[in-house]
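> Have a look at this one before I ask anything.
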Amino acid sequence: MESGTLARFEEITRCAAEVQDALISLLSEKRLSIPELATEVPAAKGFSVIATANTRDRGVNDMSAALKRRFNVVVLPTPATLEAEVEIVRKRVRELGANLELKAAPPAEDAVAQVITVFRELRGGQTLDGKNKLKVPSGVLSTAEAISVLVNGMALAGNFGTGEVSAHDLAAGLQGAIVKDEEKDKVVWQEYLSNVLKKRGADWRPLFTACAEHNQ
């Protein structure tokens, strides 16, 4: 505020309600009251707040209507095509792998495409060809979570595997991302494995086998 620059507020729906309430007056008046010191701090020209939240995840405290009115809301949709999402994920996985100095090579393009396919189908409630309707799990299954699954696979492969991301490395991350509610999501995941993944042929067989073992 004092420097007149932008402030980025990550996951605003996961902060305490008291913090959200304090933001209302802060954004309206551009002044921060400090009752304990009997003073106010004015914001310098240029100060603004950029807040982020996942629209598929209500978080801990949903934003009030009063707080929402003080933001210009921009909704970023999920990538329109499988190819676009794969490209985004591949790029980000390579960057994170380099930044974290992971010991494994980035996953193969086919592995990335398979993870994204699983996410898009369960997220949309149908297979990509539109032939089969699917139950939707309770998890978010966002692009960011797909990135997390693949980076987690690199970490497992680098520290406990051969240095190349295998189906077993990916299956562990998929299980955690999809099965949030043990009672409901495990059934959804099992039906997807049996009715979709199992029937996809030899290219998908390693991933199906590894996922089926994790979901027992």
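> Show the residue pairs that are 6+ apart or on different chains and have beta-carbon atoms under 6 Å apart, the first residue being within segment 6-35 and of a type in the set (S, T, Y), the second being part of a strand (DSSP E or B).
S33/E40
> Across segment 36-84, which residue is surrounded by the most Cβ atoms within 10 Å (Cβ to Cβ) among those that are β-branched (V, I, T), within 22 Å of V140 (Cβ to Cβ) and touching a residue at least 40 places away in the same chain (Cβ under 8 Å)?
Ranking the candidates gives T78 first.
> Taking the condition of being within 29 Å of the chain's Cα centre (by Cα), among the small types (G, A, S), farther than 30 Å from T117 by Cα and in a loop (DSSP other than H, G, I, E, B), how many residues in segment 27-83 meet it?
Here the count works out to 1.
> Still on this structure, please answer the following. Just give me the residues in segment 149-206 being of a type in the set (S, T, Y), part of a helix (DSSP H, G or I) and either surrounded by fewer than 16 Cβ atoms within 10 Å (Cβ to Cβ) or touching a Cys at 6+ places or on another chain (Cβ under 7 Å) (or both), in sequence order.
Passing the criteria: only S194.
> Could you list, in sequence order, all residues of segment 157-200 that are within 14 Å of T127 (Cα to Cα) and acidic (D, E)?
Hit for segment 157-200 is E191, nothing else.
> Right, next: Under the condition of being of a type outside the set (D, E, K, R) and exposed (fewer than 12 other Cβ atoms within 10 Å of the Cβ), which residue from segment 85-101 is nearest to G158 (Cα to Cα)?
A98
> Return a yes/no flag: does segment 55-75 have any residue that is closer than 23 Å to L122 by Cβ and aliphatic (A, V, I, L, M).
Yes, because at least one residue in segment 55-75 is closer than 23 Å to L122 by Cβ and aliphatic (A, V, I, L, M).
> Okay, next question. Limited to segment 85-110, what total is found for residues that are touching a residue at least 60 places away in the same chain (Cβ under 8 Å), of a type in the set (G, A, S) and closer than 18 Å to L174 by Cβ? Before the answer, list the steps.
Start the filter on segment 85-110 by keeping residues that are touching a residue at least 60 places away in the same chain (Cβ under 8 Å), which leaves 85, 89, 93, 103-105, 107, 110.
Right, trim to of a type in the set (G, A, S) and you get 104-105.
Restricting the remaining residues to those that are closer than 18 Å to L174 by Cβ gives 104.
Number satisfying all stated conditions: 1.
> Determine whether segment 130-145 contains at least one residue that is out of contact with any Leu (no Cβ under 8 Å at 6 or more places or on another chain), among the charged types (D, E, K, R) and under 18 Å from V93 (Cα atoms).
Checked against the condition, which is being out of contact with any Leu (no Cβ under 8 Å at 6 or more places or on another chain), among the charged types (D, E, K, R) and under 18 Å from V93 (Cα atoms), segment 130-145 yields at least one hit.
Values quoted throughout were computed directly from the atomic coordinates according to the rules given, and no laboratory measurement underlies them. If you're wondering where the values come from, they're calculated on a predicted model, not measured in any experiment. A quick note on method: Cβ atoms are made from the backbone with ideal geometry, for glycine too, and the neighbour counts reach across all protein chains shown.
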